[in-house]
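Everything below concerns the one structure shown next.
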Amino acid sequence: MNPKILKVLVIDDEEHFCRALKKGFSLLTTFQVQTTTQAEDGLQLAKAMKPDIILLDIMMPGMSGPELAEELAEDPATASIPIIFVTAIVKPGEVRGSAGMTGKRLFIAKPVKMDDLIKKINQVVTKAEPA
């Protein structure tokens, strides 16, 4: 049986970070990745591609990650898509001690280790899948 290909949408205003993640995921055949550096484009892409998970930066020009997450949560077409905030505003130690949760949000601190990110994505997507 072939493993499920997970669709990942990365929304981050740092182009080099988007390219690095896309390259890291390209080495794995179980991920299909789309990236954008614009929050508005991310909103449209989320509706069009219906990703399995969204990796979202917090600090972006125009619309912040939390604002975008709120818009996604309010739209029935995107409300069920899990979001992991990937950000430099928290330190790895802060996230590690709280199982990745800050408030009710799941966070991964930059710089990101691909192994940790993939493990967290698989945990979140598996938990989000209907039984």
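Taken over the range 103-118, residues that are surrounded by 15 or more Cβ atoms within 10 Å (Cβ to Cβ) and modelled with pLDDT under 85 amount to 4.
When the range 44-59 is examined, which residues are found to be hydrophobic (A, V, I, L, M, F, W, C), farther than 15 Å from Lys22 by Cβ and open to solvent by 10 Å² or more (accessible area, probe 1.4 Å)? If the condition is that a residue be hydrophobic (A, V, I, L, M, F, W, C), farther than 15 Å from Lys22 by Cβ and open to solvent by 10 Å² or more (accessible area, probe 1.4 Å), then Ala48, Ile58, Met59 are the ones that fit. The single condition from (1) modelled with pLDDT of 90 or more; (2) surrounded by 13 or more Cβ atoms within 10 Å (Cβ to Cβ) that Ser80 fails is (2).
Scan the range 41-54 residue by residue and report those that are of a type in the set (A, V, I, L, M, F, W, C), under 23 Å from Glu129 (Cβ atoms) and without any contact (Cβ under 8 Å) to a residue 60 or more places away in the chain. Leu45, Ala46, Ala48, Met49, Ile54, listed by residue number.
Can you tell me which residue among Val86, Val95 is open to solvent by less than 20 Å² (accessible area, probe 1.4 Å), modelled with pLDDT under 95 and not in a helix (DSSP H, G or I)? After applying the criteria, what remains is Val86. Contact annotation: residue pairs with Cβ atoms under 7 Å, 6 or more positions apart or on different chains, pairing a residue in the range 19-40 that is under 18 Å from Thr87 (Cα atoms) with a partner that is assigned to a loop (DSSP other than H, G, I, E, B), are Thr37/Asp12; Thr37/Asp13; Ala39/Met60; Ala39/Gly62; Ala39/Met63.
The values are calculated or read from the model by the stated rules, or taken from the named source; none is laboratory data. Source: prediction; values computed, not measured. Neighbour counts run over all protein chains shown; Cβ positions are idealised from the backbone, glycine included. Ligands, DNA and RNA are excluded from the accessible area calculation, which covers all protein heavy atoms including side chains. Shrake-Rupley method; radii C 1.70, N 1.55, O 1.52, S 1.80 Å.
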